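Report on one structure; see the data block that follows.
The values are calculated or read from the model by the stated rules, or taken from the named source; none is laboratory data. Just so it is clear, the model here is predicted, and its values are computed rather than measured. Note that each Cβ is placed from the backbone with ideal geometry, even for glycine, and that neighbours are counted across all protein chains shown. Only protein heavy atoms, including side chains, enter the accessible area calculation; ligands, DNA and RNA are left aside. Shrake-Rupley method; radii C 1.70, N 1.55, O 1.52, S 1.80 Å.
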Amino acid sequence: RLGLACELAFAAREALRRSAAHRYQAILLDHRLPDDDGLRIIPLLLSQQPGAALIMMTAHQTIPNAVEAIRLGADDYVVKETSIQPLVDRVLELRRREGVRRAADGWQEHHREGLLGRSPAMVEVLEQLGKLARSPETTTLLTGETGVGKEVACRYLHKLSRPAGSPLTAVDCLALPETLAESLLFGHERGAFTGADQTRIGAFEEARDGTVFLDEIGDLSAPLQGKLLRVLESRVFHRIGGAREIPLRARVVAATNRDLKALTEEGRFRLDLFQRLSVFPVQIPPLRERGEDILLLALHFLSFFAGKLGKTLDPLDEPLVARLRAYDYPGNVRELKNIIERAVISAEGNRLEVRHLPERLLDAGRRPEAAEPPFPFDFVPGIDTLGTLEQRMIQQAMRRAGGVRTEAARLLGISRYQLLRRMEKYGIRSEGADEE
């Protein structure tokens, strides 16, 4: 009567098979299933159904299970009753809340164009991109290591902030031929130079009211840096050989895995262009600093490649999950995607095993035993606070690590990203050599 259609699955494996084949707005998941624990399949179901509301149901209300369900991504946790009406009301409320949130944020797809993540570092990135989406002409610089997903972040921002159907034009600055670079960016008129037998529009004009994505901006040649700066400042450009001013209507997003500030100090990148690009910089964290996002992304890729190859695969077992979590992913999200693709191709039957992982991951699950806390010092009542103690621990860790922030973060048991945030909060500067 309320317009809700429902499909039933009587076991975890059947639920995962249905979820891989169809899209649902909500999932009502029992805790005790004939073939598995409902808690264990929450991440896999959510990876197959991005944007769906998930309600965990159980006959017994226990706080630890409720906390674990919410931590794994469930929207709510309810005790089963004889009346179905409270559960129906809960589903309707979640659906209403989701509709309001999508309208408020302007999201057209909840799956964030593949920019998946629930870690604090990624939540902050998503919040920054959401704020940036409300300023359609603001130039931004996406930074981060190779493979973290800078182009995915650009596509997400494009989806949030540009008109539906508008183009996203990507340009690899590293691959721009020196002699054709200006033409590829801004276009040329017929007869502008030898061989220009017809008018050609460039990336900036092709993007119209969409987005121009300038990847590897740190490799742009010096002459083009100056021309790009003028375009960003004036919001107009000319085709080569043309006199007509063409307005720049697209948003410009630049990306690099290089330290542009260091390049400006070396005279290899224009400081004024760096400042213009950095109006709203966003740093994408490396995968090793994203905690549980590793498993979330692994399950997402597992679902994608299993569907592509027509396979039905069981949830990942604990030994394999331990290897995935322990590895540091120098190639970041791109490397994890390749690892899961290879594993799915290698899998026989419906189960992934540790032996399907690359050799470099096989020792990743063996962690050394935790050492004694390396920072003993006295607590002074009335003087010390949690903030002062945290500040002293960071200072000691930085001294022991010789100023290397990655090592200091390891000593403190936090990510490098979290350490940088705390150093900024307390005004702590690195006095030693650092890897940056």
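Please work out the Cα convex hull volume for region 1-92 and give it in Å³ per residue. Mind showing how you got there, number by number?
Numbers: hull volume 9.0 nm³, N = 92.
Spelled out: Cα convex hull of region 1-92, divided by residues, is 98 Å³.
Roughly how many percent of the accessible protein surface of the chain is carbon and sulfur, given a 1.4 Å probe and a whole-percent answer? Can you show the working numbers first?
Details: 12070 of 23520 Å².
For the chain, the apolar C and S fraction of the accessible surface comes to 51 percent.
For the chain, what is the relative contact order in percent, using Cα pairs closer than 8 Å and at least 6 residues apart in sequence? Each step should come with its number before you reach the end.
Details: 634 pairs, mean separation 59.0, N = 436.
Worked out over the chain, it gives 14 percent.
Go through region 314-348 and name the GluC sites (Glu not before Pro) that are in a DSSP coil and have 11 or fewer other Cβ atoms within 10 Å of their Cβ.
On the way: sites: Glu335, Glu341, Glu348; in loops: Glu348.
Sites meeting the loop and neighbour criteria: Glu348.
For region 185-195, in order, what is each residue's ³J(HN,Hα) by Karplus, 6.51 cos²θ - 1.76 cosθ + 1.60 with θ = phi - 60°, in whole Hz (x at glycine and Pro)?
Here the 3J(HN,Hα) series is 7, 10, x, 8, 8, 4, x, 5, 7, 4, x Hz.
Can you give me the accessible area per residue for the chain, using a 1.4 Å probe, in Å²? Before the final figure, lay out each step's value.
Working: 23520 Å² over 436 residues.
Accessible area per residue, the chain: 54 Å².
Through the Karplus equation 6.51 cos²θ - 1.76 cosθ + 1.60, θ set to phi - 60°, convert the phi angles of region 244-258 into ³J(HN,Hα) values in whole Hz; use x for Gly and Pro.
Those phi angles translate into 6, 6, 10, x, 8, 9, 7, 7, 9, 10, 10, 9, 7, 9, 9 Hz.
Before rounding to the nearest 500, sum -39500 (n - 2.57) across all DSSP H runs of length at least 4 in the chain and divide by the residue total; then give [θ] at 222 nm in deg cm²/dmol.
On the way: 17 runs with 183 residues, N = 436.
The helix-only estimate for the chain comes to -12500 deg cm²/dmol at 222 nm.
If I histogram all Cα-Cα distances within region 226-285 using bins 5 Å wide from 0, what percent of pairs lands in each bin?
Pairs per bin, as whole percents: 4, 15, 24, 22, 15, 12, 7, 2, 0.
If the elastic network links every pair of Cα atoms under 10 Å, which of Gly130, Gly51, Gly241 fluctuates the most in the Gaussian network model of the chain?
Gly241
Taking N as the number of residues in the chain, what is its Cα Rg relative to 2.2 N^0.38 Å? Before the final figure, lay out each step's value.
Working: Rg = 25.5 Å, N = 436, 2.2 N^0.38 = 22.2 Å.
The reported ratio for this selection is 1.15.
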